[in-house]
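See below for the structure under consideration.
The values are calculated or read from the model by the stated rules, or taken from the named source; none is laboratory data. The shown structure was predicted, so the numbers you read here are calculated from the model rather than taken from an experiment. Glycine gets a Cβ as well: all are built from the backbone with ideal geometry, and neighbour counts include every protein chain shown. In case anyone asks, the SASA skips ligands and DNA or RNA and just uses the protein heavy atoms, side chains included. Shrake-Rupley method; radii C 1.70, N 1.55, O 1.52, S 1.80 Å.
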Amino acid sequence: MLAPGTGITVGQKVPDGRVLDLEGKPAALSSIYAKGPILLVFYRDGWCPYCNFQIRELTRAFAEFQKRGVTPVAVSVEKPEEEATTKAVYSIPFRILSDGDLALIEAFHVVNKVEGEQLEMFRKYGVDLEGRSGKKHHVIAVPALFLIDQQGVVRWAHSDPTYTVRPTTAQILAAIDAALRR
């Protein structure tokens, strides 16, 4: 379920990392999963239609996540104000966090360096990576999902650098059911 060289495998404890909430305040990953299991969702950015579709689907299924006691938490490199716009546009009921400093993206091994022809293509389509992240790096996240329990252990994971490959919400919920079955 993890692409080679990406992610943290099932059964491993996740590293802690500080990211920013929508107000620009630091948030530690450990303080989030300590409240209950989370589905950590790494997405490329608000300009990505595949990411936006996935976020909308997770939003539509939010009640199903709540029934399972799992809270989605989305992370990208976008600065907090860009994240706030994404949250408002799609009426997202869960946390969205900014990782412009790559604390979690690097720790979870979901780094996608955008360079060369790909960077030029992004620019051609009006995607200003530096403007959206507020950083000089040209890094976005490999789309990835990690089900993390209250002790910070990965119970299910999926990543694929092919940004169009995403599990459906039904597949995610089935994976949660299987992974959290006691």
Within the chain, what whole-number % of the accessible surface is contributed by carbon and sulfur, with the 1.4 Å probe and all protein chains included in the calculation? 52 percent
Could you tell me the relative contact order of segment 26-125? Use alpha-carbon pairs under 8 Å, at least six residues apart, and round to a whole percent. 26 percent
So, with +1 on the Cβ of K and R and -1 on the Cβ of D and E, and no other charges, what is the size of the charge dipole of the chain about its Cα centre, to the nearest 20 debye? 580 debye
Lys pairs in segment 15-167 with Cα under 28 Å (8 or more apart in sequence, or on separate chains) total 24
Just order 112-119, 139-146, 150-157, 127-134 by mean Cβ neighbour count inside 10 Å, highest at the front, would you? 139-146, 150-157, 127-134, 112-119
For Thr6, what accessible surface area do you get with a 1.4 Å probe? Give it in Å², rounded to 10. 20 Å²
Please give the per residue accessible area of segment 1-83, computed with a probe of 1.4 Å over protein heavy atoms only, in Å². 45 Å²
Quote the accessible area belonging to Lys124 in square angstrom, nearest 10, computed with a 1.4 Å probe and with ligands, DNA and RNA left uncounted. 150 Å²
Scattering profile of the chain from the Debye formula, Cα beads only, expressed as log10 I(q)/I(0) at q = 0.12, 0.18 Å⁻¹, is -0.50, -1.21
